[in-house]
Amino acid sequence: MPEKDHIAEARPPIVAVVGHIDHGKSTLLDYIRRSNVAAGEAGGITQHLSAYEASHENATGVHKITFLDTPGHEAFAAMRSRGLEVADVAILVVSAEDGVKPQTVEAVKLINEVKIPYIVAFTKVDKPDANVEKAKMSLLEAGVFLEGLGGEVPWVPVSGKTGEGVPELLDLILLAGELEGLTADASRPGEGLIIEGHVDQKRGNTATLIVLNGSIRSGEYVISGESFAPVRIMENFLGKKIKEALPGSPVTIVGFSTLPRVGEKWRTVETKKEAESEAQTALQQTRAKNVAPQVAAPVEGEEEKVHVILPLVIKTDVAGTGEAVVHEIDKIPQDERLEVRIVTRGVGTISEGDVRQAGAGNVPGIIVGFNVKVDREAQALAERLGVKIELFSIIYKLAEWLGKELETRRPLIETEVPTGEARIIKVFSSMKNRYVLGGKVESGKLMVRDTIKILRKEGEEKMEVGRGEVIGLQSNKEDVKKVDEGSEFGAMLRLSIEPKFGDTIVAFEVAMK
């Protein structure tokens, strides 16, 4: 039989919805897909990358559109970027009340980087404070040139509450997809991108995929890097089991050998042998890349800067959220005395194994969980080992808590805190490391029994040349206990070196910081 001809046909556009936090992305998608996801999000923030299919009927028939709802909070930049990389068209959501905000600017930058067409949706037009014209001007100031304002970016005012403008928005999406010439061949082996992954406690490693070309059919195998899965349990975005997934579809596949990495490409193969062979090859390549480099031995006499290594375990409900947690942790100011080392980052319930990882160092570590639970045995072990477990459902609350916790864990060291500075004007006499001199306090104060150090100018720098103590002070030929800023004084100092005209006296206290 002759081989069947492959015919490319138009496929549904994949749309990423991006914008600033609380600008109405989820409410808009709610209206489009007639569901109520927005109300179920913790803190009112979308914290997962989700994919949905919608149907839109216009004069040319019924058309499918796949939507990716990406988080707007700054912590979820990686998830937004991943959504845009797989998308054909973007919707930039801008509140008609607030106009351009920081994540709006970031979203525009990401859209321009991936070079896909986009449509501006001015949301919340039903609100009393809505001002579309003002919002347009804020976009113009941000370098976004709309149609009618010297540019080519289409826009439409919409309301996720009333549905105003939504049909026009869907028409613009379909037009943008048509202009892009989106096609796919459903008869070819499937290929696309992994957009999310999590561990289902009952069903195992589960991933959400977008089909960019070809199809996935029951009985085949999906391979992504070191992970593969038989196509036995495949569900559409509604959770309904399906036998075939066509181009443009978001699907969930259950039963991966290991959890596939989000953002990785995937493709289908026909046999388990082929899937296992490719996964093994990918595993060997990964191991070759991850061979630990030799660590150089410390230089003799060099002070060890990191005093404490604090183990940190991160457990989240889905893999993409783990990226967001790491993103937030990276923003916490680091101290060279405390190295936070992420020993495990995974998905699913916090287990005894996680606790052992966190408790294996010289000091008990920390486990942070996001939308996950803790095994009873793990909780008991954590109490025995002194491992701290904290659970969160809002990303920035996790970051706030961890920042404060790290501050309490930072080792304290002796720190010299300057209390006063004076300049030596004249050296009068000396006897057995005791020196009588005159000077002027330039800042702070100088007191009897102060510990001091002497700084001397060497080139452009002041270098410490000796240390000592203030034995006595005089001001206006009278003995005093203290001399304040701006005052001249006479002093007797006990010093390890001979002071000179122009030297600086620095008094200091030692504090634990």
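Laboratory data are not the source of any read-out in this text; all were calculated from the coordinates shown. Just so you know, these numbers come straight off a predicted model, no measurement behind them. Every residue, glycine among them, receives a Cβ derived from its backbone with ideal geometry; neighbour counts consider all protein chains shown.
Listing for the model above:
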{"quantity": "Residue within segment 456-468 that is free of Cβ contacts under 8 Å to residues at least 60 places away in the same chain, surrounded by fewer than 16 Cβ atoms within 10 Å (Cβ to Cβ) and under 14 Å from LEU446 (Cα atoms) present", "calculated": "no"}
{"quantity": "Qualifying residue in segment 155-175 (condition: under 30 Å from LYS315 (Cβ atoms) and assigned to a strand (DSSP E or B))", "calculated": "no"}
{"quantity": "Residue in segment 140-192 that is surrounded by the most Cβ atoms within 10 Å (Cβ to Cβ), counting only those that are polar (S, T, N, Q) and over 30 Å from THR268 (Cα atoms)", "calculated": "SER159"}
{"quantity": "Flag for ILE395 being buried (at least 16 other Cβ atoms within 10 Å of the Cβ) and farther than 30 Å from ALA324 by Cβ", "calculated": "no"}
{"quantity": "Top-ranked residue in segment 428-437 [being of a type outside the set (Phe, Trp, Tyr) and buried (at least 17 other Cβ atoms within 10 Å of the Cβ); ranked as nearest to SER487 (Cα to Cα)]", "calculated": "LEU437"}
{"quantity": "Scan of segment 99-119 for residues that are part of a helix (DSSP H, G or I) and under 20 Å from ASP88 (Cβ atoms), ordered by number", "calculated": "ALA107, VAL108, LYS109, LEU110, ILE111, ASN112, GLU113, VAL114"}
{"quantity": "In segment 259-283, residue surrounded by the fewest Cβ atoms within 10 Å (Cβ to Cβ) [restricted to those that are of a type in the set (Asp, Glu) and over 23 Å from ASN236 (Cα atoms)]", "calculated": "GLU274"}
{"quantity": "Tally of residues being within 16 Å of SER249 (Cα to Cα) and touching a helix residue (DSSP H, G or I) at 6+ places or on another chain (Cβ under 9 Å) across segment 195-212", "calculated": "5"}
{"quantity": "Tally, over segment 162-217, of residues that are of a type in the set (D, E, K, R) and under 31 Å from the mean Cα position of the chain (by Cα)", "calculated": "5"}
{"quantity": "Among (1) assigned to a strand (DSSP E or B); (2) without any contact (Cβ under 8 Å) to a residue 40 or more places away in the chain - the single one ARG449 does not satisfy", "calculated": "(1)"}
{"quantity": "Residue match in segment 216-232 (condition: touching a residue at least 24 places away in the same chain (Cβ under 8 Å), of a type in the set (Phe, Trp, Tyr) and under 19 Å from GLU53 (Cβ atoms))", "calculated": "no"}
{"quantity": "GLU416 touching a Leu at 6+ places or on another chain (Cβ under 9 Å), over 26 Å from PRO260 (Cα atoms) and surrounded by fewer than 15 Cβ atoms within 10 Å (Cβ to Cβ)", "calculated": "no"}
{"quantity": "Those residues of segment 347-360 which are touching a strand residue (DSSP E or B) at 6+ places or on another chain (Cβ under 9 Å) and surrounded by 15 or more Cβ atoms within 10 Å (Cβ to Cβ), in sequence order", "calculated": "VAL347, GLY348, THR349, ILE350, SER351, ASP354, VAL355, GLN357, ALA358, GLY359"}
{"quantity": "Tally, over segment 239-258, of residues that are in a loop (DSSP other than H, G, I, E, B) and surrounded by fewer than 22 Cβ atoms within 10 Å (Cβ to Cβ)", "calculated": "8"}
{"quantity": "Which numbered condition ALA135 misses (of (1) surrounded by fewer than 16 Cβ atoms within 10 Å (Cβ to Cβ); (2) of a type in the set (Gly, Ala, Ser); (3) in a helix (DSSP H, G or I))", "calculated": "(1)"}
{"quantity": "Flag for VAL125 being part of a strand (DSSP E or B), of a type in the set (A, V, I, L, M) and within 30 Å of VAL62 (Cα to Cα)", "calculated": "no"}
